[in-house]
Structure formats: structure tokens, C-alpha cells
Amino acid sequence: MIRLSKLTKRYGTFTAVNGIDLDVPSGELFGFLGPNGAGKTTSLRMIAGILQPTSGTVEIGGIDIARDPIAAKSKLGFIPDRPFIYEKLTGIEFLRFVAGLYGQAGADVEHRARELMALFDLDEWREELVESYSHGMRQKLIVSSAFVHRPEVIVVDEPHVGLDPKSIRILRDLFREYVRRGHTIMMSTHTLETAESLCDRIAINVSGKIAACGTMDDLRQQSAQGGGLEEIFLKLTGELAARNLVEVLDA
Ligand SMILES: Nc1ncnc2c1ncn2[C@@H]1O[C@H](COP(=O)(O)OP(=O)(O)OP(=O)(O)O)[C@@H](O)[C@H]1O
Ligand SMILES: [Mg+2]
């Protein structure tokens, strides 16, 4: 459902995403992991069609997003890491607006928008302006907006940031039910526990390349590291080669 071929993004001489090949089939919840600056957001923005690759291709459901962007994007819901919401819309108006971008309106959208807001305990805030929403409430509204038009594929950049424990649980159940119905979700996250328990497969990105990819068993094998995702992640990303803390704090 998502196919990346030699996907590459350069900024000047710096290569942020370095020839990524990846296939994510329908019905899969795929985790896209990696340290800060590994190229996750850059990749997800290229997949969502809002950033042009330097080279390589993105296909959504067999449609090349560069050749037929409207057809490819109509299959997609994208939740960016730093979402933009019109402050002067109410929550329900924002959901109507997003559905409208995908050519959807009417009783069906209305019903779905209300159900999504109720799911995230936002019913009392439905008619309030977004400017009065807290950080977590905005995040829940943005997540709802990715589901409101029933896309086949949802691409989401760090969905858990700012959510309370109950909302994280709801999000997890919503994601799992969505893929159970045959849809596809690709998400980046730094929450390794969530990734390990939630995702069907995981890619660990290091410096713009996929260092390991697959089920937890695949990752253990590829990294020659037993244990949980944290051990594997730290081995592949070499982050325990940290400075001597005593020296740092004494400096
Ligand atoms: N517009 C830009 N111009 C130049 N360099 C950029 C630009 N956008 C991103 N980069 C660089 O590309 C690299 C990858 O950035 P990206 O935002 O994709 O990382 P990330 O994996 O999402 O990190 P994080 O976990 O911090 O969100 C970084 O080194 C970043 O500095
Ligand atoms: Mg990012």
C-alpha cells in the first residue's frame, strides 16, 4: 500500500534521506523509528506528498504520488508533527473543513466527526474555537481529522506527543482497529514501548538509511541483539557511547 523506491532527499550537500526502499502492505501498522535527525519527518512528508524527493519514488496503493498527486493523496490521511489548525474555527468546523478538502460533506461526515470527538472526550468542546484548546486537545483533534474522511492509509508523525495516558490508550485501540479493517498506518514515534507492543513491523532509521526492518524477531536477528526494542535501538544507533556524565557535570 505504501511503496518507497530509492527515496532520497538532499539539502544542499547534506543527505537527510538516503535511498530508502520500503514496502508496507495493507492491514499493517508500521513503526518508523530512529534518533533525532535520522530523517523520519523528512520521509513521512515525502510520503504525504508535501515535500518533493530529490530522487526516488513514493507509491500509495500503486499510484506514483509525483505523477498523480491528487489520486494518491485522496487515499491518505496525514498527521504532521507540528500541526497547523485554524484558530478561529471550532473543533467540529475544523473536521468539516478537512473532510471538505477530500470532497466529503453531509450527514455521514457530521456523524463521524461527532463520534471521533466523543471518542477523545472532546464533545463538550465541539463548538468552541480551537484557540481555546489545550495542547493535548489540539493533538486529539488533529488525530480525529486524519480519520474523518476514511482514508486507506494514515501517515502520522509522533502521534503520542502531549497525550495523556487515557488518550494514548484510545489512540492505540483506534489504530489497531483501523488496521484490523484492512487499512494501513505508518507512524514515527520515540516511544519504544508503544512501538514494540503496537506495531506489526518496525524500521529503525540511522542517518537517513534503514538500519534494520521487520518484526521484533527480525530486528533481533538483524542487529544480533537480544532483549527488547530499547536494547536493539540503542545498539543500532550507538547512543550509549555517551560522554562521561561525571566529567560533563563537573565541567
Ligand atoms: N529544510 C531543511 N533544510 C536543511 N536541513 C534539513 C531541513 N529539514 C530537515 N533537515 C535535516 O534533515 C535531517 C533529518 O531531519 P528530520 O526532521 O527528518 O529528522 P527526524 O528523524 O524527524 O528527527 P526528530 O526525531 O528530531 O523528529 C536533520 O539533520 C535535519 O537537520
Ligand atoms: Mg521528526
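Based on the alpha-carbon gyration tensor of the range 94-185 and its eigenvalue square roots a ≥ b ≥ c, which shape applies: rounded if a/c is under 1.5, prolate if not and a/b is larger than b/c, or oblate? Judged from the Cα gyration tensor, the range 94-185 comes out oblate (a/c at least 1.5, b/c at or above a/b). Compute the FRET efficiency between D123 and A224 as 1/(1 + (r/R0)^6), taking r as their Cβ-Cβ distance and R0 = 51 Å, and round to the nearest 0.05. E(calc), rounded to 0.05, equals 0.55.
Of H111, H160, H149, which is the most mobile in a GNM of the chain whose springs link Cα atoms less than 10 angstrom apart? So, out of H111, H160, H149, the one fluctuating most is H111.
Residues in the range 244-250 carry Karplus couplings, in order, of 5, 4, 5, 4, 5, 6, 7 Hz; the curve used is 6.51 cos²θ - 1.76 cosθ + 1.60 with θ = phi - 60°, and Gly or Pro positions show x. Between V248 and A66, the C-beta separation translates, for a Förster distance of 45 Å, into a calculated FRET efficiency of about 0.45. Between Y86 and D173, the distance separating the two model label sites (each 7 Å from Cα on the Cα→Cβ line) works out to 3.3 nm. The tail of the calculated P(r) for the chain beyond 23 Å holds 53 percent of all Cα-Cα pairs. Bridgeable lysines around K209 (alpha carbons under 24 Å apart, same-chain partners fewer than 8 residues away excluded): K6, K9, K40, K235. Taking every DSSP beta bridge that has both ends in the chain, the antiparallel portion is near 55%. In this rough spin-label picture, where each label sits 7 Å from Cα along the Cβ direction, the H135-A105 distance is 3.6 nm.
Rule-based calculations on the coordinates, nothing more; no lab input. The model shown is predicted, which means the values in this text are computed figures rather than measured ones. Here the Cβ is made from the backbone with ideal geometry for all residues, glycine too, and neighbour counts use every protein chain on show.
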